[in-house]
Amino acid sequence: MFSLVSSEKDSAPKLRPSLQMFLIALVAELISLLLISLGFWNNVGTPSDSLTIFLICVVLAVIMSLLSSILAVVGLARYRRFKVHNALLLMVSLLANPATFFLAISVVG
């Protein structure tokens, strides 16, 4: 009746590796964008609390955006199926990366 070992019929259909990699990169980029928005529009507590939350959010957003960029580059190099999607995701992750923004400010200013 019930078994601890899953059979082929019980398991969900598996996604292709190219789609798995793209979805992971997309989720990482969405988390990065949410962290950026949380860091900029945070009004909690004292100014030092706000600065701490801002810095933590920016560091985590940079890490998530870097993960998304790496996965998009690997997806571009390895899989042809989502080439356009990975290229767009790479552009978004590079342009929305807080490190890119701060680098542009330091070069211009």
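Return an integer: the convex hull volume of the alpha-carbon atoms of the chain, in Å³ per residue.
Values: hull volume 16.9 nm³, N = 109.
Hull volume over Cα atoms, normalised by residue count, gives 155 Å³.
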ARG16 versus ASN43: modelled label distance in nm, points set 7 Å from Cα along the beta carbon direction: 4.7 nm
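When the accessible area of the chain is split by element with a 1.4 Å probe, what percent falls to carbon and sulfur? Provide the component values of the computation, followed by the final result.
Values: 6040 of 8150 Å².
That share works out to 74 percent.
How much length, in nm to one decimal, is gained on full extension between ALA99 and ILE56, taken as 0.36 nm per residue of separation minus their Cα-Cα distance? Could you put the intermediate results ahead of the total?
Values: separation 43, 0.36 × 43 = 15.48 nm, distance 1.34 nm.
Stretched fully, the ALA99-ILE56 segment lengthens by 14.1 nm.
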Shape of the stretch 27-77, Cα gyration tensor, a/c cut at 1.5: prolate
Helix-only mean residue ellipticity at 222 nm for the chain, each DSSP H run of n ≥ 4 adding -39500 (n - 2.57), per residue, nearest 500: -25500 deg cm²/dmol
Charge-dipole axis of the chain as Lys and Arg at +1 and Asp and Glu at -1 on Cβ define it, positive-most pick from MET64, PHE22, VAL92: PHE22
Taking the chain and dividing mean pair separation by its residue count, relative contact order in percent (alpha carbons under 8 Å, at least six apart): 28 percent
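The values are calculated or read from the model by the stated rules, or taken from the named source; none is laboratory data. The model shown is predicted, which means the values in this text are computed figures rather than measured ones. Cβ sites come from the backbone with ideal geometry, for glycine too, and all protein chains shown count toward neighbours. SASA here: full protein model, heavy atoms, side chains in, ligands and nucleic acids out. Shrake-Rupley method; radii C 1.70, N 1.55, O 1.52, S 1.80 Å.
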